[in-house]
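Before any comments, here is the structure.
The values are calculated or read from the model by the stated rules, or taken from the named source; none is laboratory data. Small disclaimer: the values here were computed from a predicted structure and weren't measured. Neighbour counts are summed over all protein chains in view; Cβ atoms, including those assigned to glycine, are modelled from backbone coordinates with ideal geometry. For the accessible areas, the whole protein counts, side chains as well, though only heavy atoms, and no ligand, DNA or RNA atoms are used. Shrake-Rupley method; radii C 1.70, N 1.55, O 1.52, S 1.80 Å.
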Amino acid sequence: MPRTDVMLADPRLAAARETLGPAIVKAAVASAQQRVREGVAEPGGAVDAALAFLPATAGGLRHVVNATGVLAHTNLGRAPLSPAAVTAVTAAAGYTDVEFDLAGGQRARRGRTALAALAQAVPEAQAVHVVNNNAAALVLAATVLAPGREIVVSRGELVEIGDGFRLPELLESAGSRLREVGTTNRTALRDYQDACGPETGFILKVHPSNYRIEGFTAEVSVGELATIGPPVVADIGSGLLRSEPLLPGEPDAAGALRQGAALVTASGDKLLGGPQAGLLLGKEDLVERLRRHPLARALRVDKLTLAALEATLRGPRPPIHRSLHASVAELRERAERLARRLDGHAEAVPTVARVGGGGAPGVELPSAGIAVDEHLAPLLRSYDPPVIGRITDGRLVLDLRAVEPGQDEVIAAAVEHACG
């Protein structure tokens, strides 16, 4: 049995200790030694076995291939960052001038260049601010604008935002009271007018981003709500800064501000295609009040988020934009090419993809992919990198809309490996 100290002295494992840390390398050595004891590996190949057990990084998160057909899949980290954003994060990983003015040698406003990029992207906003997610943006708005006061909101917009968290409970945790108006399917302007009074902190307009009500329905626009008097806070959710022709029903920040919203809240890691962040855009006096509140310090974002957000706003289109606008003909051609490569193991099939992540509910995006045997699902999930699809009609479907073209080879290799 190779001794642990002898194995750790091997230059390859010594180098791994510098990049992965001693605990991870020792665990790999222990696993390799167990393989030798079991007779699976030869003593002379113990170091090679240990190297095979080493992970790619010291972190537990693994890169996966998203073949689910859900572009901003919450369980898979929502929007993937662009190469420009990844580069910016790497550059910001060390010491940075995040709060330092290099010219004057003094402290400067935190994340000023990222905030400037956001302001430039949405000139309709008089001021902007960034917190760590959209829920935080709403909590900050409630804490500052409606402490102990009422937030007027339609009953049809009291959403649950995932993992059991509900909007009413979120806002009430900030010390606000909800004044529900209208019914689940229909709310009129007079409902809001009758409810607003001296106790009104603001009117909340929520985009029901993960469901859709159809049939005998009615809702009130931001523009109509802005005529009542109290400030209107519009939670657009998905992070769409400007209108998108492919998603005509999806509200955007610029549009809500033009209609008269005093404050818009949105997510940075959905249709914007950036890091997790809560965007606050609106009137200068309101945004400044939010920015200066003590809670804002607890909700602030770190330098890596600021770097990724700015690169997303200033750099080339992020991957989610490519996925959204991918040609169906191109997707079909890629699927057929994969099916030919995997002859007998896969079939090219038409699919339907979705935005996901609480964006564009009900909107179907025609797509294409391959269908393989359902029993391959766990084998593909254990591949390196894991390939994640969805089970449909007793088959595992690997949708290509959210898959980068360069990852087609990974899918092919994963299926071939799984099929033995």
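So T57 clears everything in (1) under 30 Å from L324 (Cβ atoms); (2) in contact with a helix residue (DSSP H, G or I) (Cβ under 7 Å, 6 or more places away or on another chain) except one condition, right? Which one?
T57 satisfies every listed condition except (2).
Of everything in segment 349-362, what is of a type in the set (A, V, I, L, M, F, W, C) and open to solvent by 40 Å² or more (accessible area, probe 1.4 Å)? Give them in sequence order.
Within segment 349-362, V352 is the sole residue that qualifies.
Could you pull out the residue among P251, P208 that is in contact (Cβ under 8 Å) with a residue 12 or more places away in the chain and either touching a Leu at 6+ places or on another chain (Cβ under 8 Å) or aliphatic (A, V, I, L, M) (or both)? Can you show your working first?
Values: P208 fails: either touching a Leu at 6+ places or on another chain (Cβ under 8 Å) or aliphatic (A, V, I, L, M) (or both).
One residue alone meets the criteria, P251.
Would you mind stating whether G94 is modelled with pLDDT of 95 or more and on the phi > 0 side of the Ramachandran plot?
Details: modelled with pLDDT of 95 or more: yes; on the phi > 0 side of the Ramachandran plot: no.
It is false that G94 is modelled with pLDDT of 95 or more and on the phi > 0 side of the Ramachandran plot.
Where in segment 289-343 are there helices (runs of 4 or more DSSP H), lying wholly inside it, with at least 2 residues that are free of Cβ contacts under 8 Å to residues at least 24 places away in the same chain and surrounded by fewer than 16 Cβ atoms within 10 Å (Cβ to Cβ)?
Qualifying helices (runs of 4 or more DSSP H): 294-298, 328-341.
At negative phi, touching a Ser or Thr at 6+ places or on another chain (Cβ under 9 Å) and among the hydrophobic types (A, V, I, L, M, F, W, C): is that true of L306 in this structure? If you could, list the steps in order and put the result at the bottom.
Values: at negative phi: yes; touching a Ser or Thr at 6+ places or on another chain (Cβ under 9 Å): yes; among the hydrophobic types (A, V, I, L, M, F, W, C): yes.
Considered against the rule, which asks whether it is at negative phi, touching a Ser or Thr at 6+ places or on another chain (Cβ under 9 Å) and among the hydrophobic types (A, V, I, L, M, F, W, C), L306 comes out as yes.
Condition (residue is within 24 Å of the chain's Cα centre (by Cα) and among the basic types (K, R)) applied to segment 87-109: is it met by at least one residue?
no
Counting only residues that are assigned to a loop (DSSP other than H, G, I, E, B), within 30 Å of the chain's Cα centre (by Cα) and surrounded by fewer than 19 Cβ atoms within 10 Å (Cβ to Cβ), how many does segment 175-209 have?
Going through segment 175-209, the residues assigned to a loop (DSSP other than H, G, I, E, B) turn out to be 175-176, 182-185, 187-188, 196-199, 207-209.
If we keep only those that are within 30 Å of the chain's Cα centre (by Cα) as well, we get 175-176, 184-185, 207-209.
After this cut, where a residue has to be surrounded by fewer than 19 Cβ atoms within 10 Å (Cβ to Cβ) as well, the list is 175, 184-185, 208.
Residues in segment 175-209 being assigned to a loop (DSSP other than H, G, I, E, B), within 30 Å of the chain's Cα centre (by Cα) and surrounded by fewer than 19 Cβ atoms within 10 Å (Cβ to Cβ): 4 in total.
Here's a check for you: in segment 81-113, which residue that is more than 21 Å from L279 (Cα to Cα) and polar (S, T, N, Q) is surrounded by the most Cβ atoms within 10 Å (Cβ to Cβ)?
Applying the filter and picking the extreme gives T87.
Could you tell me which numbered condition R62 fails, if it satisfies all but one of (1) touching a His at 6+ places or on another chain (Cβ under 9 Å); (2) closer than 30 Å to R354 by Cα?
With respect to (1) touching a His at 6+ places or on another chain (Cβ under 9 Å); (2) closer than 30 Å to R354 by Cα, R62 is out only on (1).
Can you pull out every residue in segment 371-413 that is surrounded by fewer than 22 Cβ atoms within 10 Å (Cβ to Cβ), touching a strand residue (DSSP E or B) at 6+ places or on another chain (Cβ under 6 Å) and small (G, A, S)?
Scanning segment 371-413 gives A371, A377.
All but one of (1) hydroxyl-bearing (S, T, Y); (2) crowded, with 17+ Cβ neighbours inside 10 Å; (3) free of Cβ contacts under 8 Å to residues at least 24 places away in the same chain hold for S367; state the number of the condition that does not hold.
Single failed check for S367: (3).
Enumerate the pairs (first residue in segment 399-419 and under 16 Å from A371 (Cα atoms); second residue anywhere and of a type in the set (K, R) and surrounded by fewer than 23 Cβ atoms within 10 Å (Cβ to Cβ)) with beta-carbon separation below 6 Å, excluding pairs fewer than 6 apart on the same chain, so at least 6 apart or on different chains.
Once the first residue is under 16 Å from A371 (Cα atoms) and sits in segment 399-419, its partners that are of a type in the set (K, R) and surrounded by fewer than 23 Cβ atoms within 10 Å (Cβ to Cβ) give L400/R334; D408/R334; A412/R341.
Counting only residues that are farther than 28 Å from H325 by Cβ and open to solvent by 30 Å² or more (accessible area, probe 1.4 Å), how many does segment 214-259 have? Spell out the reasoning first.
Filtering segment 214-259 down to residues farther than 28 Å from H325 by Cβ leaves 215-220, 223-233.
Okay, now just the ones that are also open to solvent by 30 Å² or more (accessible area, probe 1.4 Å), so 215-219, 224, 226-229, 231.
Residues that pass the stated criteria total 11.
So which of E42, E38 ends up being more than 38 Å from the chain's Cα centre (by Cα) and under 24 Å from S382 (Cβ atoms)?
E38
If you take the residues in segment 1-45 that are touching a Lys or Arg at 6+ places or on another chain (Cβ under 8 Å) and open to solvent by less than 40 Å² (accessible area, probe 1.4 Å), which one is nearest to T57 (Cα to Cα)?
Restricting to residues being touching a Lys or Arg at 6+ places or on another chain (Cβ under 8 Å) and open to solvent by less than 40 Å² (accessible area, probe 1.4 Å), the top hit is V25.
For the subset of segment 127-165 comprising residues that are among the charged types (D, E, K, R) and under 18 Å from the mean Cα position of the chain (by Cα), which member is surrounded by the fewest Cβ atoms within 10 Å (Cβ to Cβ)?
Start the filter on segment 127-165 by keeping residues that are among the charged types (D, E, K, R), which leaves 149-150, 155, 157, 160, 163.
Filter once more, so that each one left must be under 18 Å from the mean Cα position of the chain (by Cα): 160, 163.
Working: E160: 14, D163: 6.
Here the answer is D163.
Can you pull out every residue in segment 210-228 that is in a loop (DSSP other than H, G, I, E, B) and of a type in the set (D, E)?
E214, E219
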